[in-house]
Amino acid sequence: MSDFPFLSVLTVAPLVGALVVAVLPRRRPELAKQVALGWSLLVLALSVVMWVTWQTGGDRFQFRESYPWIPNWGVNFTFAADGIALVMLMLIALLVPLVILASWHDAESSKRSVPVYFALLLVLECTMIGVFAAADVFLFYVFFEVMLVPMYFLIGSYGGHQRQYAAVKFFLYSLVGGLFMLAAVIGLWVVGGKTFDWAALSEVDISTGAERWLFLGFFIAFAIKAPFFPFHTWLPDAGGAAPAGAAALLVGVLDKVGTFGLLRYCLPLFPDAAKWFAPWALALGVIGIIYAALLAIGQNDLKRLVSYTSIAHFGFIGVGIFAFTSQAATGAVLYMVNHGLATGLLFLVVGMLVARRGSALISDFGGAGKLVPLLAGVLFFAGLASLALPGTAPFISEFLVLIGTFSVNKPVAVIATLGVILAAAYVLWMVQRTTQGTLNPALTEVEGMKRDLNLREKVVVAPLVALIVLLGFYPKPVTDVINPAVQATMQDIGKTDPAPSAGTPQEASR
Amino acid sequence: MSELKLPSIDYAALAPTLILLGAALVGVLVEAFVPRRRRHVVQLAVALLAVLGALTMVVLNANDRLITIGGAIAIDGPALFLQGAILVLAAMALLLIGERSVERGGAFVAQAAVTAESADDRRQAEGAPGATEVYPLISFAVGGMLIFVAANDLLTMFISLEVLSLPLYLLCALARRRRLLSQEAAMKYFLLGAYASAFFLFGVALVYGFTAGTPGRTAGVDFATIHAAVAESPSSSVLLFGGMALIAIGLLFKAGAAPFHVWTPDVYQGAPTPITGFMAACTKVAAFGALLRVFHVAFEGARWDFTPVLGAVAVLTMLVGAVLAVTQTDIKRLLAYSSIANAGYLLVGVLAPTSDGVSGTMFYLVAYGFSVLAAFAVVTLVRDADGEATHLSRWAGLGQRSPFYAGLFTFILLAFAGIPLTSGFTSKFAVFSAAFDGGQGWLVIAGVLTSMVLAFPYLRVVVLMWLSEPGESTPAVVMPGWLTSAALTIGVVATLVLGVFPQPLLDLAAGAAEFVR
C-alpha cells in the first residue's frame, strides 16, 4: 500500500473536484455543495489511509514520488512528506470538509455564484496540499504563489465589509514576499548547481554571504506569510473581511505555510545563516506575542480580534522554531496543528455568531449566552483552547515551546510567558462582553439569535472539540510522527539539546 | 580589371522574406484590380497564406546555419527561431486585423484622406468597409522584420529597420474612430522614429570609422569585421563607444526601452487596437532579435563596457514602466507601460552573457507575444456604440456582465504579473535565472522589485472587473467573430501551455541559441 502515490493523488483530487463543482449549473447550488462536501470527505478518507500507512520510525521522508517536469531547469514534480508535512496534510484534509459544511449558506448572501465558491475552496485545498507535499523547491514556489489566487477571490468576491481592500492587501503582501523568495530561489538554483531537489540542495555548501542573503529572501516570504511582526498588518484585514470558513483556512492552514517553510527550507538549507539570524527572529517572535496580544485586547471586531490572537500565536511558533531545541521545535510543530484546530474552531464559531447577528462588532452583542447557550458554550471552549488552558491541546504545545526555550534562552521564555497572561485577558474579556452579562435588548429582536446550533453546525464543531480535548490529554499519536522529523531538522542545523543542568549522573554518584 | 562577381544567393534560405515581400506586392495589385467588395477576403487570404507559407519555409530551413547574399543575411538558430516567432504572432495579429463582425467594416478607416471629424468622416465611421491597404502594409512590415532579425551587417539592418517602420507609421494612423488621436499617434511615432533611425545611421558611420582604423585595414559594417575590430581595437575606442551608443539608441527606441519609450503610450493608445497588438508582439520580437544579434555577435568583445550602461537602461525601463503603469486610467496605456516594463525584463535576458540568456530572451518574446495579443484581442471586444471603451472606469463590474471574457483577461493579467502556471512566470524565470547565472544578480533584484510594483496595476484591473459593481456605463462584451475568437483562443492556450509545459519550446530555443558569425 505504501507504493500508492498518495501525495500526487491527494494534490490532484481536489482540483478535479473543483472542476466538477465549477461546471455544475448555477441554478442548483445544493448539488454543488453536496458534491464539494462529498469530494472533500473522499480526500479526508484518503489522507486517513495515508496516515495509517505512514511508518512511524521509518525514513524521514516517505511517500516520495518524482516525475520530470522541465528538465532544462532541473525541475521535477517531486513529492515527499516528513512527519511535519504529514500532520499538516491531515489538518488540511480535516478542516476543509468542516469548512465546507460550515459555509453551507455563506455564499448565498452574496450575489455571486454559489458553485464557484465551493470550487474555489477545493482549488485552495489542492494548492495547500501541494505546498506541504512538495519536495522540489520550484514546485513549492509554484504552489506557494498559486495559493494566493483562490484565496484572493474568496476574500474579494464573498467577503464582508472592505473585502476589496482586504483582498488586494492580502495579495500584494503575499506577492511581495513571494517575489523576494523568487529571487532567492533563483539564487539557490545557481549556487546549488542547477537543481531544485530539496535533498540535493540540503547537501550543498554555500558561502556565508550568499547563504545569509538567500536565507533572508526565504525568511521575508515566510515572515509575511506567517505573519510575524512587523509584516502582519494584512492579516487582520484579510481575516476580518474573509468569509468565516475561508478565514478559518487562511489562519488555520495557509499561514502555517510560513512557519512550515522556515522549518523545511530556511533551517535545513541555510543552517549557519539561520543561527546567525536567530536572535533577530526570536526578537520578532517575542514582539509579536506581546504586541499582537495588546492589540487583540483593544479590538471591537470579533474576526479581527481572532486574527490578532493568531499573530500572537505565530510569535510563539516562531520562538519555538528559532530556539533550536527539540522540545521547542516539537512544541512549535504541535502548535501549528493545535492552533489550526483551536483557531479554526474559534473562527467557525465566531462566523456562526456573526451570521446570526449580522454584525461582527463585539458591542453589538452582550449576554448572547442567554439566547444561544450552546453556541456561547462552544465559543467559550474555543476561547479557552485558544488561551492554552491545561487540558486542551494548545496547552501542551505552548508549554513545550516555553520550556524548550527556557533551557537555552531565559529572557525570551520569560517575556513570552507574559503573553499567556495577556491571552487570558483578550479571550476572557471577549467572551464576557459577547456572551455574558446582561442581555443586550437589541439582540432579542434579531431573528437569527433565536436559533441555537442546528445539527449541521453541531457536526461542524463536534470533531474539532473532540480533537482538542483528545490531543490535550493524549498527544502521543501526533508527537510520535513529529518527533523524528524535528530531530532530523535539529541535526541539519547541528544543534543538540543542552544537557539538563541539575543532577547529571556524575554529580549524583559523587 | 577584375570581373564583377555576383554573390551567391541561397534562395531557399531567403524564401520566407521573399514570400512576404512578394505577397505585399501582390496585395498592391489586388488593391488595383479586384473589385472593392471582394478585396477584403482576397487580401486577408493572400496575407495569411503568405505568412503561413513563409512559416513553412522557416520550418523546412530549421537546420540551416549559413551566411548568404554576400554576407548580408545570416540564417542561424536565433534568426530562424525569431522569424518563426514573428510569423506565428503575425498570423495571430492578422486574425485580429481581419475581424469585421465586431465592428461594422472593421477596425480601420475607410478612407484615410477624409478630414477627421468632418461630415464625410462621420458617414464613413458608420460602417463603410475599412481600408484594405492594411494587408500589404502588414506584409511589408513583416517582411522587414524577417530581414531585421537575420541582418548580418549594419546597413542591411538599417534598411530593414526602415522597411518595417514605414508601414507601421502608416498603420497607426488608420483607426476608424478617434481619428485625431490616431493621426497624432502616427505623427509622433514617425517623427521620433525618424529621429531614432538617424541616430542608428550615425552610429553605423562611427562604427565604420572605427573598423577602418589604421590605413590598409579592410573596413566594413558586417558583424564579423566589427567583431574582429573590437578584439584588435585598431583605433580610438571613442568611435566604438559612440557608435555602439547611437546604434543602441536606435534599437532601444524600437524596443520601447526607457528613456526612449515616450512614444509608446501615445502610439499604443492611438493606433487601431489590432495594430497595437501587432506592434506589441511582433515589433518587440524584431527589435530584441536585432539587439541580441548586435550585442552578442558584433560587439560581444566589448561586453564589459556596454553591460553596465545597458544594465542601467534595463533598470530604468523596468522602473519607469512599472511605476507609471500604476497611475494609468486607460487600459491601452496601461498595457503600453506594461510592455515598457517587459522590455526591461527582456533586456535583462539580453545582458546575460550566455546562450541561456539568448534562449531565455527568445522564449520570453514568444510567450509575451501570445499573451499581449490575447490581451488586446479582449480590448477590442469591450465596446459600446462609440467604439472601444478603453477607460478603466468602464471596465468596472465586467466580471458580472461577461464572466467568460473577464476570466480570460484575468488569466492574462495574472500571466503578466508572473504568477506560476502561466507563461509569464516561466519566461521571467528563464531570463532571471540566465542573468543570475551570468553574474548579473543586481538586474534580477531590480526585476523582482519592479515586478512587485507592476503587480499592483494588474491587480487593480482584476479588482475592477470582479469586485466592483457594474456601473451604468459598463459596456457588455461584444460577441467576437471567429477570427478574433481564434486569435484569443490561441493566445490564452499558449499562455497556459507555455506556463505548464514549457519544455518543448525551451528545447527549441536552447537548440537555436547559437549565432553564426
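Which residues, counting only those in the range A:143-152, are within 7 Å of chain B (Cβ to nearest Cβ) and not acidic (Asp, Glu)?
Scanning the range A:143-152 gives A:Val146, A:Val149.
For the range B:138-184, which positions are in a helix (DSSP H, G or I) and small (Gly, Ala, Ser)?
Across the range B:138-184, the qualifying residues are B:Ser139, B:Ala141, B:Gly143, B:Gly144, B:Ser160, B:Ser165, B:Ser182.
On the basis of being surrounded by 24 or more Cβ atoms within 10 Å (Cβ to Cβ), farther than 30 Å from A:Ala45 by Cβ and either facing chain B (nearest Cβ under 10 Å) or touching a Gly at 6+ places or on another chain (Cβ under 9 Å) (or both), does A:Gly193 make the cut?
no
From (1) within 14 Å of chain B (Cβ to nearest Cβ); (2) at pLDDT 90 or above, pick out the condition that doesn't hold for A:Leu44.
With (1) within 14 Å of chain B (Cβ to nearest Cβ); (2) at pLDDT 90 or above applied to A:Leu44, the lone miss is (1).
Here are A:Phe180, A:Phe140, A:Phe132, A:Phe170: which of them is touching a residue at least 12 places away in the same chain (Cβ under 8 Å), more than 10 Å from chain B (Cβ to nearest Cβ), under 23 Å from B:Gly441 (Cα atoms) and not acidic (Asp, Glu)?
Just one listed residue meets the conditions, A:Phe140.
Looking at A:Ala22, A:Ala32, A:Ala80, which is the one that is over 30 Å from B:Ala434 (Cβ atoms) and either more than 14 Å from chain B (Cβ to nearest Cβ) or among the acidic types (Asp, Glu) (or both)?
A:Ala32
Could you check the range B:85-119 and list, in sequence order, the residues that are closer than 21 Å to B:Ala151 by Cβ and crowded, with 24+ Cβ neighbours inside 10 Å?
B:Ala85, B:Ile86, B:Leu87, B:Leu89, B:Ala90
For the range A:293-334, which positions are part of a helix (DSSP H, G or I), among the aromatic types (Phe, Trp, Tyr) and farther than 13 Å from A:Leu422 by Cβ?
Once the filter is applied, which keeps residues that are part of a helix (DSSP H, G or I), among the aromatic types (Phe, Trp, Tyr) and farther than 13 Å from A:Leu422 by Cβ, the range A:293-334 yields A:Phe314, A:Phe322.
Restricting the search to the range B:395-428, which residues are in contact with a Pro (Cβ under 6 Å, 6 or more places away or on another chain) and surrounded by fewer than 24 Cβ atoms within 10 Å (Cβ to Cβ)?
Result: B:Gly397, B:Gln400, B:Arg401.
Over 30 Å from B:Pro504 (Cα atoms), surrounded by fewer than 18 Cβ atoms within 10 Å (Cβ to Cβ) and within 20 Å of the chain's Cα centre (by Cα), is that true of A:Val43? Reasoning before the result, please.
Working: over 30 Å from B:Pro504 (Cα atoms): yes; surrounded by fewer than 18 Cβ atoms within 10 Å (Cβ to Cβ): no; within 20 Å of the chain's Cα centre (by Cα): yes.
Here the answer is no, as A:Val43 does not meet what is asked.
Does A:Phe380 qualify as being surrounded by fewer than 24 Cβ atoms within 10 Å (Cβ to Cβ), free of Cβ contacts under 8 Å to residues at least 60 places away in the same chain and either at positive phi or not basic (Lys, Arg) (or both)?
For A:Phe380, the condition - surrounded by fewer than 24 Cβ atoms within 10 Å (Cβ to Cβ), free of Cβ contacts under 8 Å to residues at least 60 places away in the same chain and either at positive phi or not basic (Lys, Arg) (or both) - is met.
If the requirement is being under 22 Å from A:Ala329 (Cβ atoms) and either among the polar types (S, T, N, Q) or touching a strand residue (DSSP E or B) at 6+ places or on another chain (Cβ under 7 Å) (or both), which of these qualifies: A:Thr392, A:Thr444, A:Thr434?
That would be A:Thr392, the only listed residue that is under 22 Å from A:Ala329 (Cβ atoms) and either among the polar types (S, T, N, Q) or touching a strand residue (DSSP E or B) at 6+ places or on another chain (Cβ under 7 Å) (or both).
Within the range A:155-164, does at least one residue satisfy the condition of being within 11 Å of chain B (Cβ to nearest Cβ), farther than 22 Å from A:Ala360 by Cβ and in contact with a helix residue (DSSP H, G or I) (Cβ under 6 Å, 6 or more places away or on another chain)?
No, every residue in the range A:155-164 fails to be within 11 Å of chain B (Cβ to nearest Cβ), farther than 22 Å from A:Ala360 by Cβ and in contact with a helix residue (DSSP H, G or I) (Cβ under 6 Å, 6 or more places away or on another chain).
Any residue that is within 29 Å of B:Tyr11 (Cβ to Cβ) and buried (at least 22 other Cβ atoms within 10 Å of the Cβ) - is there at least one of those in the range B:120-132?
Keep residues of the range B:120-132 that are within 29 Å of B:Tyr11 (Cβ to Cβ), which gives none.
Checked the range B:120-132: no residue is within 29 Å of B:Tyr11 (Cβ to Cβ) and buried (at least 22 other Cβ atoms within 10 Å of the Cβ).
What do you reckon, is B:Ala322 in a helix (DSSP H, G or I), within 14 Å of chain A (Cβ to nearest Cβ), of a type in the set (A, V, I, L, M, F, W, C) and touching a residue at least 24 places away in the same chain (Cβ under 8 Å)?
When the stated conditions are applied, B:Ala322 passes them.
Taking the range A:49-70 as the region of interest, how many residues are free of Cβ contacts under 8 Å to residues at least 12 places away in the same chain and either in a helix (DSSP H, G or I) or among the polar types (S, T, N, Q) (or both)?
Of the residues in that region, 1 qualify.
Is the range B:35-46 home to any residue that is under 20 Å from B:Ala131 (Cα atoms), among the polar types (S, T, N, Q) and modelled with pLDDT of 90 or more?
Scanning the range B:35-46, I find at least one residue that is under 20 Å from B:Ala131 (Cα atoms), among the polar types (S, T, N, Q) and modelled with pLDDT of 90 or more, so the answer is yes.
Just the residues that are in a helix (DSSP H, G or I), over 26 Å from the mean Cα position of the chain (by Cα) and either away from chain B (no Cβ under 13 Å) or among the polar types (S, T, N, Q) (or both), please, taken from the range A:204-218.
Passing the criteria: A:Thr208, A:Glu211, A:Arg212.
Among A:Leu95, A:Leu121, which is under 20 Å from the mean Cα position of the chain (by Cα), within 27 Å of A:Asn483 (Cβ to Cβ), away from every other protein chain (no Cβ under 14 Å) and buried (at least 24 other Cβ atoms within 10 Å of the Cβ)?
Answer to the check: A:Leu95.
Conditions first: (1) in contact with a Ser or Thr (Cβ under 7 Å, 6 or more places away or on another chain); (2) within 14 Å of chain B (Cβ to nearest Cβ). A:Leu201 passes all but one, so which condition is the exception?
Going through (1) in contact with a Ser or Thr (Cβ under 7 Å, 6 or more places away or on another chain); (2) within 14 Å of chain B (Cβ to nearest Cβ) one by one, A:Leu201 breaks only (2).
Sort out which residues of the range A:429-444 are touching a residue at least 24 places away in the same chain (Cβ under 8 Å) and under 14 Å from A:Arg357 (Cβ atoms), and write them in order of number.
Hits for the range A:429-444 are A:Arg433, A:Thr434, A:Thr435, A:Leu439, A:Asn440, A:Ala442, A:Leu443, A:Thr444.
So, of the residues in the range B:214-253 that are small (Gly, Ala, Ser) and outside any helix (DSSP H, G or I), which turns out to be surrounded by the fewest Cβ atoms within 10 Å (Cβ to Cβ)?
B:Gly216
Among what's in the range B:471-517 and is more than 10 Å from every other protein chain (Cβ to nearest Cβ) and of a type in the set (Phe, Trp, Tyr), pick the residue that is farthest from B:Phe416 (Cα to Cα).
Within the range B:471-517, the match that is farthest from B:Phe416 (Cα to Cα) is B:Phe515.
Would you check which residues across the range B:496-517 are closer than 25 Å to B:Leu408 by Cβ and assigned to a loop (DSSP other than H, G, I, E, B) and list them?
Once the filter is applied, which keeps residues that are closer than 25 Å to B:Leu408 by Cβ and assigned to a loop (DSSP other than H, G, I, E, B), the range B:496-517 yields B:Phe501, B:Pro502.
The values are calculated or read from the model by the stated rules, or taken from the named source; none is laboratory data. Keep in mind it's a predicted model, so treat the numbers as computed, not measured. Here the Cβ is made from the backbone with ideal geometry for all residues, glycine too, and neighbour counts use every protein chain on show.
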